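Encoded as C-alpha cells, the structure appears first; notes follow it.
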Amino acid sequence: MSEFTLVNATLADGSVANIGVTDGVIKFIGDQKIGEQIDAKGLVALPGFVDLHTHLREPGFEQSETVLSGSRAAALGGFTAVHAMANTMPVADTAGVVEQIKSLGDEAGLVQVQPIGAVTVGLGGERLAELGAMANSRAKVTIFSDDGKCVSDPLLMRRALAYVKSFDGVIAQHAQEPRLTENSQMHEGNVSAELGLAGWPSVAEESIIARDVLLAEATGSRLHICHLSTAGSVEIIRWAKQRGIKVTAEVTPHHLLLTDELARTYNPVYKVNPPLRTDADVKALREALVDGTIDIVATDHAPHPVESKECEWSAAAFGMLGLETAASVAQLVLIDSGASNWQRFSEVMSVNPAAISRLESQGQKLEVGNVANIAVINPRTTRVISGGGASKSSNQPFEGIELPGTVIHTIYRGTFSVRDSKLAK
Amino acid sequence: MKHLVSVSDLSREAAIAILDTSLEMSEVNDRDIKKLPTLRGKTVVNLFFEDSTRTRISFEVAAKRLSADVINFAAKGSSVSKGESLKDTAQTLEAIGADAVVIRHHASGAAHMLANSGWVKGSVINAGDGTHEHPTQALLDAFTLRSAIHADARGKGLDGVAVAIVGDIAHSRVARSNLVLLKKLGAKVYLVGPPTLLPSALISQADGYSYSLDDAIATFKLDAVMMLRVQLERMTAGFFPSEREYARIWGLNADRLALLGSNTFVMHPGPMNRGLEIDAAAADSKNSLVLKQVANGVSVRMAVLYHLLSGGENE
Ligand SMILES: [Zn+2]
C-alpha cells in the first residue's frame, strides 16, 4: 500500500503539521516525513466528510444517478462516506436491497456507501419493514428513513422508534404533515401568495417535529430530524435538547443559503422539499448550526433528469444537487462569516454525522492510529458554480453563485480518491 | 413591450395607453365592418392547456378583427397526463412561426416560463396561468369600470375609486391581477372573503380587508364590488362549510345591493354561479357591468395584440 506525507497541512485547531499515512492508517502527525511528499502548505486537512442524506438513485433511477456517479461527486466534494437514502426502486426495505447497494458502493470504491433502510414496507407508511434483518445484514444498517415521505402515522412512528432500540438504531424523519401539504409547491408566505403557487406552511414541518420529539422522549429512543428548514423547527429542537431528549438535527446547504425569493423565476431548479424558506429562517438555521442546536450539515443531494426540471413548476420534481458544493457552503456559513471555526466545521461535516450513524473509521479526528479518511481543502480560492459536475444530473441550485473553497485531495482509507481536484479513477 | 405575462409588467402609463387603445377598438367594434388590416400576415396561436371557450373565442375574434391568422391549439398538460410537454409544444409553435402565443395553462408560471425560456421568439400573452394571473381580464375590468365612471375616459386612471374584490382571493388569478392593476391605476382596493381564502400577503398589499361583506359595505364607501366565482371544490376542501352559508355571508343579494346604493357598480368575471356568490337581483340590476365586461373583452384583447405586435407603444 502507498505511503505518503501531507507536508505542512493546517489542522482544524489551526496548528500546522505533517500528516504521515501508511497502509491506510495515520502513522504520525508531526515533523517527520515518509514516502511521497505532498505539499499541503496553506491547505486545511480535516476528517473526510460524511453525508447522512444522499440520494444515489440506484437501483431504479439510473438515468439520474448511479452509485458510481454519486460516489464520484461525493469524492470530489471531500466526502469519504455517504448514506444512501432508501427511496430507490425497489425500495431499500429488505436486507437484499441494502446489501446490493453496499456492494455497488464497495465496487465503486471511492467512498464508503452506507445504506439507509426504509422504515415502512415500500415507503408505504403502513407496515414496518424488516428493520432487524437490515440491521443484521452485511450492510449493518443503523439509520432508517422513509425520506421523501413522512412517517406520519403516530402509532407507527412510536413503534419504529421503540423497535430500533434493540440494535441502537435511529429513525431519520422527513418531517412533513401530509394533509397540511397536499399539492404544496413552495414555502407558504408572501412570495407564494403573489406567485399563486400552493403553499407548504412551516407548521407542516414543525408539528411533526414537535410530535416526534415527544415520542422520542416517551420511548427513550434516538430520533434524527432530516433537513430542518424553519426557525420554528429550530426552537423545538432547542427545547427538546434542553429536556435531554435524544434528538439530532440536520440542515442542508441550500437551506443555509437560498430563499423562497428565487421562486419568482418560476425556475423549477429551486423547487425542493422541504421548500426554500425566508431570510429569517436562513438566519435562524445558521445560528443553530453555530450554537450546536443543529448537529450536522447533510446535502439531500437529489439528482433529477432534465425533463423533470425543464417544465412548468407544478409539474417538476422536488430536489437539487449538493455533494460538490456542500463544503463550500459550510465554509461560507461557518468560517468566512466569522461565526465559527474549522473545528465546528469538522464536527458538522464529519464527526457528528459519523457518530449519529455509529460509523467506525469515519469522522475520527486526524490522530495517530486512525484510518486515513481525510479531506484537504484550499479555503482561499473562490469559484463560480456551473453545471452538475460529476453527477449524471444538472439540477444545480447554486448555478452562477460564487462560493469559497476548493476540495484539493480526498483520501479514502489511505488512498487518494481525488488528487489535485481530479478523480483518481 | 414584448410580452404580457403579468400586470406588474405594465407601468401606469402603459396600462392607460392600452385602455385608450381599447376605447378606439371598441369604436371599431361598433361599426358595420368590424375589421382593421393592422396585423395582416401575422400569426397568433391560441395555446390552451385548459378549457376556456369564452376566453379563447374572445382572443380569436380579437385577432381576426385585426386581420391576423389564428391557429387554435388545444394541448394536454404534462402534470395532468403524460401529455406533450410545454417545451415540445412551444417548439412546435416556433416551427409554425407564431408571432404571438396566447397561453392558458393550469400551472402558475407557465406563461412566465414560455416567455423566458427562449423556446419561442414571438410575444407571449398570458390568458390565465393557474392561480397566478389573468392580465387581460384585469385590463378589461379596469376598462369597463373606467368607462362606467368617466364619460370621457381617455387618458384617465381610476384614482380614488374604491373597489372591493369579494370571494376566493387565495385561488383567484383574476383577484391577483386586479389587485395590482387597479392599485396601479390609483384605485383603493379592498379584499373581502372568508379568512381561509384571504392570504395575509395579499391583504398587506390591499387598502383594507374584511371577513364580512356587510361590514365592508358599511365601512368602505364602495364604487364597485367585484364578485369572484366560487369553485365548489373549495367547499369539499374545507375552506367554507356549505353553499348556503357562503351565500348568506358573502353572496351579493338584493338586500346588500340596496345597502350599496345606486352609485355602486356590480362586476363579475363570469361565469356566474347565480344564487351562490351573486343573486339575479344583483347580476341583472341596472348597476351591473357584467354584460359590458363580456363585450369589452374583445376590444381590450385587440388593444393588447396591437400593442405587442405592431410596436405601437407610443400610441
Ligand atoms: Zn427528505
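Tabulated values for the structure
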quantity: Long-range amide H partners of residue A:225 with built H, under 5 Å; calculated: A:173, A:248, A:249, A:250
quantity: Relative contact order (%) - chain A, alpha-carbon pairs under 8 angstrom, separation at least six; calculated: 19 percent
quantity: Exercise: per-residue mean of other protein chain Cβ atoms within 10 Å, A:186-197; calculated: 6
quantity: Contact order relative to length of the range B:31-132, as percent, for alpha carbon pairs under 8 angstrom and 6 or more apart; calculated: 28 percent
quantity: Note, ³J(HN,Hα) from phi for the range B:96-101, Karplus 6.51, -1.76, 1.60, rounded to Hz, x at Gly and Pro; calculated: 5, x, 6, 7, 9, 10
quantity: Among A:116, A:296, A:408, residue whose mean-square fluctuation peaks in a GNM of chain A (springs only between Cα atoms under 10 Å); calculated: A:408
quantity: From phi via Karplus (6.51, -1.76, 1.60), per-residue ³J(HN,Hα) for the range A:370-381 in Hz, x at Gly/Pro; calculated: 7, 4, 7, 9, 9, 10, 10, 10, 9, x, 9, 8
quantity: Length-normalised contact order of the range B:135-293 in % [C-alpha pairs under 8 Å, at least 6 apart]; calculated: 23 percent
quantity: DSSP bridge pairs, chain B: antiparallel proportion in percent, nearest 5; calculated: 5 percent
quantity: GNM flexibility winner over chain A from A:84, A:40, A:315 (Cα, springs under 10 Å); calculated: A:315
quantity: Amide hydrogen neighbours beyond the local backbone of residue B:209, cut-off 5 Å, H modeled; calculated: B:191
quantity: 222 nm mean residue ellipticity, helices alone, for chain B (DSSP H n ≥ 4; -39,500 (n - 2.57); rounded to 500); calculated: -12000 deg cm²/dmol
quantity: For residue A:54, distant residues with modelled amide H under 5 Å away; calculated: A:83, A:85
quantity: Top of A:331, A:362, A:63 by mean-square fluctuation, Gaussian network on chain A, Cα under 10 Å; calculated: A:63
quantity: Cα-based Lys pair tally, the range B:54-174, threshold under 29 Å, eight or more apart or on separate chains; calculated: 8
quantity: Antiparallel content of DSSP bridges confined to the protein assembly as shown, in %, to 5; calculated: 35 percent
quantity: Per DSSP, loop trypsin sites (Lys or Arg not before Pro) in the range B:100-155 with at most 15 further Cβ within 10 Å; calculated: B:121, B:154
quantity: Spin-label pair residue A:218/residue B:94, simplified geometry with 7 Å Cα→Cβ offset, distance in nm; calculated: 5.7 nm
quantity: DSSP-defined beta bridges in the range A:47-364 - what % are antiparallel, rounded to 5; calculated: 5 percent
quantity: Least to most buried among A:126, B:94 (fewest other Cβ within 10 Å first); calculated: A:126, B:94
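Read-outs: derived from the displayed coordinates by stated rules, not from any lab. Given the structure is predicted, the values throughout are model-derived calculations rather than measurements. Because the Cβ atoms are built from the backbone with ideal geometry, glycine has one as well, and the counts that use them run over all protein chains shown.
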